[in-house]
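Asker: One structure, as structure tokens, below. Some questions next.
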Amino acid sequence: TQLLEQSPQFLSIQEGENLTVYCNSSSVFSSLQWYRQEPGEGPVLLVTVVTGGEVKKLKRLTFQFGDARKDSSLHITAAQPGDTGLYLCAGNKAAGNKLTFGGGTRVLVKP
Amino acid sequence: KAGVTQTPRYLIKTRGQQVTLSCSPISGHRSVSWYQQTPGQGLQFLFEYFSETQRNKGNFPGRFSGRQFSNSRSEMNVSTLELGDSALYLCASSRQGFDEQYFGPGTRLTVT
């Protein structure tokens, strides 16, 4: 059982559409990070959210951290083919870097 | 600023052999963490080293071990390889271990 559940597992959309990826847990995290990973490469950090209720925007990407710090969402506006990849959320519960990853959401944006 | 580097990028080993993977963190980063990524289990935490000491450990058998050197470079070793050890092994570095982690490109290990 994943401590962090991501949904959906797979998302295929047309260029220009919007999409939202969810990351849910029954546990509280001190921080939550979102990564994007492309085939054969390591995950690339997109954002870190720390405060409950926090909203961060990175160009067309909007990240939210739930008030109780148990869940998060990633929203992409007007998706582009370059947004294609595996999106991973990861939570940090305690001192030291022991990230717990969600199962990932594979996003395909078709031109 | 150079990113996290991992060597080798690809490795093919036979069951029963052992393997050593290397990770050089970003300059100034003292924490190095290792992860195993497989299609079935996703990304799983192996262990974290900080100032040459193992600070956190995941739920992997004792065949998986690691160490960190005084220059923060880290190695992980897997002994008596099994087919199920085939995976992408990723290392990540951060400054103090309580902050953002940056991943290397990974080492793809195939056990035959």
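The values are calculated or read from the model by the stated rules, or taken from the named source; none is laboratory data. Model, not experiment: these values are computed from the prediction. Cβ coordinates were reconstructed from backbone atoms using ideal geometry, including for glycine residues, and neighbour counts include every protein chain displayed.
Asker: Out of curiosity, is A:VAL47 under 13 Å from the mean Cα position of the chain (by Cα), modelled with pLDDT of 90 or more, part of a strand (DSSP E or B) and crowded, with 16+ Cβ neighbours inside 10 Å?
Answerer: yes
Asker: Then there's this: Take B:ASN59 and decide whether it is out of contact with any Pro (no Cβ under 7 Å at 6 or more places or on another chain) and under 28 Å from A:VAL50 (Cα atoms).
Answerer: yes
Asker: I would also like to ask the following. B:THR20 versus (1) assigned to a strand (DSSP E or B); (2) among the β-branched types (Val, Ile, Thr); (3) crowded, with 16+ Cβ neighbours inside 10 Å: which is the lone unmet condition?
Answerer: It is condition (3) that B:THR20 fails.
Asker: On to the next question. Taking the residues in region A:50-69 that are in contact with a Gly (Cβ under 9 Å, 6 or more places away or on another chain) and surrounded by 12 or more Cβ atoms within 10 Å (Cβ to Cβ) as candidates, determine which candidate is nearest to A:LEU19 (Cα to Cα).
Answerer: Ranking the candidates gives A:GLN64 first.
Asker: Something else now. Taking the residues in region B:46-56 that are within 13 Å of chain A (Cβ to nearest Cβ) and over 12 Å from the mean Cα position of the chain (by Cα) as candidates, determine which candidate is farthest from B:GLN36 (Cα to Cα).
Answerer: B:SER51
Asker: Mind checking which residues of region A:24-44 are buried (at least 18 other Cβ atoms within 10 Å of the Cβ) and either more than 14 Å from every other protein chain (Cβ to nearest Cβ) or more than 20 Å from B:THR38 (Cβ to Cβ) (or both)?
Answerer: Within region A:24-44, A:SER25, A:PHE29, A:SER31, A:LEU32, A:GLN33, A:TRP34 qualify.
Asker: For region B:30-47, enumerate the residues that are modelled with pLDDT under 95 and of a type in the set (Phe, Trp, Tyr).
Answerer: Once the filter is applied, which keeps residues that are modelled with pLDDT under 95 and of a type in the set (Phe, Trp, Tyr), region B:30-47 yields B:PHE45, B:PHE47.
Asker: When only residues in region B:48-73 that are farther than 16 Å from B:GLN6 by Cα and among the hydrophobic types (A, V, I, L, M, F, W, C) count, which is modelled with the highest pLDDT?
Answerer: Ranking the candidates gives B:PHE64 first.
Asker: Filter region B:76-98 down to the residues that are away from chain A (no Cβ under 14 Å), over 17 Å from B:GLN37 (Cα atoms) and surrounded by 13 or more Cβ atoms within 10 Å (Cβ to Cβ) and list them by number.
Answerer: Within region B:76-98, just B:SER79 meets the criteria.
Asker: Also: With the requirement that a residue be under 30 Å from B:SER51 (Cβ atoms), assigned to a loop (DSSP other than H, G, I, E, B) and either modelled with pLDDT of 90 or more or within 14 Å of chain B (Cβ to nearest Cβ) (or both), what does region A:52-108 give you?
Answerer: A:LYS93, A:ALA94, A:ALA95, A:GLY96, A:ASN97, A:LYS98, A:GLY102, listed by residue number.
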